[in-house]
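Contents: one structure, followed by commentary.
Every number here is computed from the coordinates shown, using simple stated rules; none is lab data. Note that this is a predicted model, so its numbers are computed, not measured. Because the Cβ atoms are built from the backbone with ideal geometry, glycine has one as well, and the counts that use them run over all protein chains shown.
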Amino acid sequence: MKPGDAMQTTEEQLLNAKDVIAIEEQFAAHNYRPLDVVIERAEGVWVYDLEGNRYLDCLAAYSAVNQGHCHPRIREAMVEQATRVTLTSRAFRNSQLALLLKELNELTGFEMALLMNSGAEAVETAVKTARKWGYTQKGIPDGAAEIIVCKGNFHGRTTTVISFSSDEQYRKGFGPFTPGFKIIPFGDTKALREAITPNTCAFLCEPIQGEAGIVIPPDGFLGEAREICREKNVLLMLDEIQSGLGRTGKLFAYQHEDARPDVLIIGKALAGGFYPVSGVLASKEILGVFRAGDHGSTFGGNPLACAVARASLRVLIDEEMVERSAEMGEYFLQKVREIKSPVIREVRGRGLWIAIELTVDARKYCEALKDEGVLCKETHAKIIRIAPPLVISKDEIDWAVEKIGKVLR
């Protein structure tokens, strides 16, 4: 018997992949274009469909499952907390929140944290934080605060966030948009310096652009941006929702340049794929601008979320997954670069975060890889992203590279 079989209804057991796809196509809004594989269960780096076929997951839910699917230690923490108390709202206090806040401080050195649920909520929270800080601490005239962002950014899909996206698909049909943002080229410190005015409260960027196709900025960009922001009294806010918590071979991607931000945004792997948990980390001076009633979330910082996040962080550190990402990432990148194919334009990456940029549309190659037992996803039409759980082994990498090479040749 497979895990979870006892809880399946008769109707669920009778469904096949064709049924599931047909039901979803009929009743779900078509805001995604998933590959036609119906995943029923998962463990480690492997997922299984309704027919029992096994696939190596090279997406890891966009880096939300860094610790591997259904990690037993995280699952145990979730089940144990679920038998005690799951939700109190922030109208009351709970011990799991207090312990998570303390452990985040010990792990990262940031003095305070404000916990939310999704990554987009955390980015919205960071935007509000920067504006409030700009008005109360920097003295920017009310309503005039500006935030600088980068072309090619992806910080979520809420109305405010798409207001500063440079991707027209994310914006088309959703205006009017929130003002107060300037877009500069990613990796361009000269443009950053020129864009700053007395009303600039923050510079928000990803250390490595994920949705754009694992785009790595020029060496020294983050460090120089850090110095410019310090010089101009502007908050450096780094979105490490995808790049953080081990994905790039460091706990956080900014550590590759020792460019510590004023505000750090985290999410996804913070709960190991079990629960939506995100957070904004900063100093007391910055997060201290909030007063009761300024901001909130019914589910943000709930006991179940915090128990899961605590276990997820312990697993990441205890099992040395950050170090493993650096080692296995270097190996994986080297192996992919050895693939000879006329359709490969460039292979780039850092840690277990790799992009294979093609000269042709990538969708058909992702579909072909699915048929070979490797699950990955295209982005920006011509880029295949490779981002497996950090528990992947060399043997599993070799197996995946053999399949990738077969398809791309």
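Structure notes:
- Applying a threshold of 20 Å to the alpha-carbon distances of Lys138/Lys284; Lys128/Lys250; Lys128/Lys284; Lys377/Lys406; Lys382/Lys406 flags Lys128/Lys250 as lying beyond it.
- The alpha carbons of the chain occupy a box of 61, 55, 43 Å along the principal axes, longest dimension given first.
- Loop-resident sites, the range 335-378, for trypsin sites (Lys or Arg not before Pro), counting at most 12 other Cβ within 10 Å (DSSP): Lys340
- One chain, two ends: Asn16 and Arg54. Fully extended at 0.36 nm per residue, the span grows by 12.1 nm beyond their Cα-Cα distance.
- Across Thr158, Thr248, Thr189, mean-square fluctuation computed from a Gaussian network of the chain (C-alpha pairs under 10 Å connected) peaks at Thr158.
- Here the gap between Leu107 and Lys394, fully extended at 0.36 nm per residue and compared with their Cα-Cα distance, gives a gain of 100.5 nm.
- Global size of the range 19-75 as Cα Rg and Dmax, reported in angstrom: 13.0, 37
- For the pair the range 364-403 and the range 308-351, the centres of their Cα atoms are 12 angstrom apart.
- Shape index of the range 194-352: Rg/Rh, with Rg the Cα radius of gyration and Rh the Kirkwood radius from the inverse mean 1/r over Cα pairs, equals 1.02.
- Residue-averaged [θ]222 nm for the chain, counting only DSSP H segments that reach four residues, each worth -39500 (n - 2.57): -10500 deg cm²/dmol
- Amide H contacts for Glu40 (H built 1.01 Å from N in the peptide plane; partners 5 or more residues away or on another chain; cut-off under 5 Å): Tyr48, Asp49, Leu50.
- Reduced Cα scattering model of the range 77-318, Debye log10 I(q)/I(0), q = 0.11 Å⁻¹: -0.55
- Ranked by how many other beta carbons lie within 10 Å on average, peptides 132-142, 273-283, 251-261 from highest: 273-283, 251-261, 132-142
- In this simple spin-label approximation, Asn233 and Thr83 carry label points 7 Å from Cα along the Cα→Cβ vector, and these lie 5.6 nm apart.
- Cut-off under 5 Å, modelled amide H: who pairs with Thr200 long-range: Glu146
- Principal-axis analysis of the Cα atoms of the chain puts helix 394-408 at an angle of about 80° to the longest axis.
- Candidates Ile356, Ile196, Ile21: whichever shows maximal mean-square fluctuation once the chain is modelled as a Gaussian network with Cα springs under 10 Å: Ile21
- Taking GluC sites (Glu not before Pro) across the range 280-365, the ones in a DSSP loop with at most 16 further Cβ atoms lying within 10 angstrom of their Cβ are Glu319, Glu320, Glu338.
- Ranking of Leu369, Leu104 by count of other Cβ atoms within 10 Å, fewest first: Leu104, Leu369
- All aspartates and glutamates inside 16 Å of Lys364 as judged from Cα atoms, apart from same-chain residues fewer than 8 positions distant: Asp36, Glu372, Glu378
- Degrees, to the nearest 10: 221-232 long Cα axis against longest axis of the chain: 20
- Contact order, relative form, for the range 77-318: 31 percent (alpha carbon pairs under 8 Å, 6 or more residues apart, mean separation divided by residue count).
- Karplus 3J(HN,Hα) series, Hz, for the range 334-345 with 6.51 cos²θ - 1.76 cosθ + 1.60 (x for Gly, Pro): 4, 5, 5, 5, 7, 6, 9, 8, x, 8, 7, 8
- Ranked Ile208, Ile317, criterion: other C-beta atoms within 10 Å, fewest first: Ile317, Ile208
- Value of Rg/Rh across the range 326-409 [Cα atoms, Kirkwood radius]: 0.92
- Cβ-to-Cβ counts within 10 Å put Glu43, Glu146 in ascending order as Glu43, Glu146, the fewest first.
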